[in-house]
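Read through the structure below, which is laid out as C-alpha cells, and then see the notes.
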Amino acid sequence: MTRPLHERHALITGAGSGIGAAIALALAQQGCRLTLMGRSLERLETQAQSLREQVAQVKVEIVSVDVSDMAQVQSAVAQAQERAGAVHILINNAGLAQSQPFVRTDPDLWQRTLAVNLNGTYHMIYAVLPAMLQAAEQGTPGRIIQVASTAGLMGYPYVSAYTAAKHGVIGLTRALALELARQNITVNAVCPGYTDTAIVSQAIGNIVNKTGQSEEQARLALAQRNPMRRLVQPTEVADAVTWLCQPSSASINGQAIAIDGGEQAG
C-alpha cells in the first residue's frame, strides 16, 4: 500500500491526550516519523508507548515544552530536528480554555490564554519554518495545521479570552497561507465544535458546579449545540487533519474547516 506521508516528520503539540493523541495515531498509521510535544513528560511517554504497541515500526520521539515560552520552543524544536530532521508537518494542537464571565476574566487569565493558544502557535511556526521552507524548496511539501475551534469562527459567551485567541489563530492561518502559497507549504485550520476531550470534561464540571445539573445533563447541554446532538470525536478531527496532510489536498490552503455537525450552517 502506497503511503505518501511515509517518513515525513510530523510534530504535534498537545500530543499527550485527546485530539493530539488521535492525530498522532492517525499520522503514525500513515508512516510519519513523529515528535510528540506537551508539558507533561509522563503523558507523552505513555502516549509514545501506546503508539509503539499499536503501530509496527513507528518512529516516535518526545520532547517536553511549554509552547507559551519562546526559548523553550526554540530549544525543543532544535532537539526534534536534530533527532528526526526538518519538520514537514506541524500540528499546532496545544490549547488552554477556562470558562469565566468577562468581568472575572482578569489580566492573568487573559494573558495566559492568549500565551498558549495564540502566542504558542506563533512560537511553533516561527521555530519550524526555516527548515520547513528549505525542505519544501527541495521537493518535500510543508503542511501547517492549527487545531483551532468553532470559537475562532463565532462568538461564545464566558470564554472571551479563548474566543479572541482562536480568532487570532484563524487570522494568522489566512495571512500565512497567502504568504507561503508559492513556496510549497499550505496553512490551514480545523475548527472542532465541542469535542469529547478533557477540556470539555472540565467545561462539564464547571456547569455541574455552577448550575447543580447532573453530569449527564451538562454533557447533553453541550451536545445540543451540535445539530447531530452529540459531541465530536477526536478521531473525526484526526481524520480531517490527515486529509489536509495528503498530496491530494495541496490546493486546500488558508481554510478554517468546521468539524461541528453543522453548527456553523445554522
Check your understanding: Longest exposed-loop-site-free stretch of the chain, with trypsin sites (Lys or Arg not before Pro), DSSP loop and at most 13 other Cβ within 10 Å?
Key -> 1-181
Check your understanding: How many angstrom separate the Cα center of region 63-91 from the Cα center of region 221-240?
Key -> 30 Å
Study note, to complete from the structure: Between Gln74 and Glu7, the FRET efficiency computed from the C-beta separation at R0 = 30 Å comes out, to the nearest 0.05, as 0.75
Point to revise | Per residue, in Å², the accessible surface of the chain once ligands and nucleic acids are set aside, probe 1.4 Å | key: 47 Å²
**Study point:** Rule-of-thumb Rg ratio for region 115-266 [Cα; 2.2 N^0.38 Å; N residues]
**Key:** 1.15
Practice item. Find how much the distance from Arg52 to Glu82 grows on full extension, using 0.36 nm per residue of separation minus their present alpha carbon separation; answer in nm with one decimal. Key: 8.7 nm
Point to revise | Assigned charges on the beta-carbon of Lys, Arg, Asp, Glu; the chain dipole about Cα centre (debye) | key: 280 debye
Exercise for review: Work out from phi, with θ = phi - 60° and the Karplus expression 6.51 cos²θ - 1.76 cosθ + 1.60, the ³J(HN,Hα) of each residue of region 31-39, listed in order in whole Hz, and give x for Gly and Pro.
Suggested key: x, 5, 7, 10, 10, 9, 10, x, 7
Check your understanding: What's the carbon and sulfur percent of the chain's accessible surface, probe 1.4 angstrom, rounded to a whole number?
Key -> 50 percent
Point to revise | Of the DSSP H helices in the chain, those whose Cα atoms cover at least 27 Å axially and whose Kyte score averages 0.0 or more | key: 160-180
Point to revise | region 1-150: C-alpha pair distances exceeding 20 Å, % | key: 47 percent
Study note, to complete from the structure: By the Kirkwood definition, with r running over pairs of different Cα atoms, the chain has a hydrodynamic radius in Å of 18.6 Å
Exercise for review: Highest first, please rank the peptides 14-27, 117-130 by the mean number of other Cβ atoms sitting within 10 Å of their residues.
Suggested key: 14-27, 117-130
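The values are calculated or read from the model by the stated rules, or taken from the named source; none is laboratory data. Given the structure is predicted, the values throughout are model-derived calculations rather than measurements. As a convention, Cβ positions derive from the backbone with ideal geometry for all residues, glycine included, and neighbour counts pool all protein chains shown. In case anyone asks, the SASA skips ligands and DNA or RNA and just uses the protein heavy atoms, side chains included. Shrake-Rupley method; radii C 1.70, N 1.55, O 1.52, S 1.80 Å.
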